[in-house]
Amino acid sequence: MLSLLLASPLAIQPAHADEYYMYEDEIEYALAERIEKERQDLASTRVSANPGSDDPTPAGQKTTFTDPRFSGVFKLDFKSQYISFGVVLQDEGVTIQPMLALRYTFFDKVLDNSEDSFINNVTGFISSWNDISTNKDLSSPTSPYRYYTEADLVTGLSVTFQDRFNLTTSLTELQSPAGAFGPGAFLKAVLSMDDTGMVVDNFALKPQFLLIYEIPWESQIGLQPDAFLFEPGITPTYIFGSDTNFPVTLAVPMRVGLGNKFYDGNDYGFFSVGPEFTVPISGLSSKTIKTYASIGYTYINLGPTTTDFILNGDGSSNKHVYNFGLTTTF
């Protein structure tokens with residue numbers, strides 16, 4: 001069986017809001033840049049410290065780490081299907097996808113007193129993303145971890161520049177504890193722009209372009225090995241009540257998957273669109289920990305070759321995915 005699995009899902013963060021959100025398909029961007037609000041918080045933290053103290057951590061620290069350059073994210077998603085870049089992997093049962101990521105800010109123009117710098121922020125990250133499914137059909141019958149379909153290790157670097165632009169590059173290594181497939185790896189680059197407030201307050205289109213190259217190995221995430229995937233997209237986003245204690249963020253990610261070899265001789269792999277609402281959970285938050293809940297729906301139209309893929313059990317080119325997620329930043 002051809003092995004095709006997604007690495008750690010990406011997610012987006014809203015800009016210029018009082019709270020921090022992440023969306024499912026731009027996780028590296030969200031990890032690498034907490035936008036201007038976080039930089040202001042960290043800068044005020046540094047300025048408020050007693051310059052004569054040997055302890056660099058002031059009482060108003062914004063993360064759970066003593067060094068404010070460290071931070072992390074834990075995310076837990078529940079989905080009705082697992083579809084990776086238009087490739088159906090699990091179309092029955094519930095798929096549970098936990099992710100844990102840690103990051104370190106190597107450079108920040110506010111923290112490092114470099115206000116004239118072209119570069120705003122340079123952040124490295126490492127994350128573990130996993131897929132656990134109630135459907136064990138994809139796993140090996142002899143595996144002791146039949147429900148543990150996938151485990152990914154992701155390392156990367158994010159660079160934010162000119163305030164609104166971000167380039168995130170990463171390397172993902174994936175394997176299956178359930179024995180569904182052999183090891184695989186791919187390189188990914190995402191160039192995105194945060195245009196929040198340029199036209200309308202609290203609104204953005206957030207254009208982005210994603211590029212993936214599959215590193216030749218035992219398994220791949222596309223329909224053919226050693227292939228490129230091109231994914232342009234936008235994420236229209238609006239924040240309701242941004243100046244209140246309960247802001248509600250609506251995002252509608254739109255993506256198109258393209259790649260002739262990646263999709264086995266067809267340029268078009270998929271188109272996806274759907275709304276997602278995100279709200280803060282104050283009862284699970286503190287000064288250094290922020291928790292959010294999200295609920296969403298995604299419509300996915302599959303191309304000819306992804307429709308015919310063997311794991312697409314019903315043979316339909318129209319897919320409907322429902323999701324609920326919890327995100328905690330610390």
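The values are calculated or read from the model by the stated rules, or taken from the named source; none is laboratory data. It should be emphasised that the depicted structure is a prediction, and the values quoted were computed from it without experimental measurement. No Cβ is skipped: glycine too gets one built from the backbone with ideal geometry, and neighbour counts run over all protein chains shown. Just so you know, the surface numbers come from the protein's heavy atoms only, side chains and all, with ligands and any DNA or RNA stripped out. Shrake-Rupley method; radii C 1.70, N 1.55, O 1.52, S 1.80 Å.
Scanning the range 293-313 for any residue that is closer than 30 Å to R69 by Cβ and out of contact with any Asp or Glu (no Cβ under 9 Å at 6 or more places or on another chain) turns up at least one such residue.
What about V248, is it open to solvent by less than 60 Å² (accessible area, probe 1.4 Å), without any contact (Cβ under 8 Å) to a residue 60 or more places away in the chain and in contact with a Gly (Cβ under 7 Å, 6 or more places away or on another chain)? Yes, satisfied.
Scanning the range 299-329 for residues that are open to solvent by less than 40 Å² (accessible area, probe 1.4 Å) and within 30 Å of L102 (Cα to Cα) yields V321, N323, G325, T327, T328, T329.
Out of the residues in the range 251-278 that are assigned to a strand (DSSP E or B), of a type in the set (V, I, T) and open to solvent by 10 Å² or more (accessible area, probe 1.4 Å), which is nearest to L205 (Cα to Cα)? The residue in question is V273.
Out of F78, F70, F106, one residue alone is open to solvent by 40 Å² or more (accessible area, probe 1.4 Å), within 30 Å of N301 (Cβ to Cβ) and not acidic (D, E). It is F78. The strands (runs of 3 or more DSSP E) located wholly in the range 142-228 that include 2 or more residues which are over 18 Å from G257 (Cβ atoms) and over 14 Å from the mean Cα position of the chain (by Cα) occupy 148-161, 165-175, 184-193. Can you report the number of residues in the range 109-133 which are farther than 20 Å from Y145 by Cα, open to solvent by 50 Å² or more (accessible area, probe 1.4 Å) and out of contact with any Lys or Arg (no Cβ under 7 Å at 6 or more places or on another chain)? Counting residues in the range 109-133 that are farther than 20 Å from Y145 by Cα, open to solvent by 50 Å² or more (accessible area, probe 1.4 Å) and out of contact with any Lys or Arg (no Cβ under 7 Å at 6 or more places or on another chain) gives 5.
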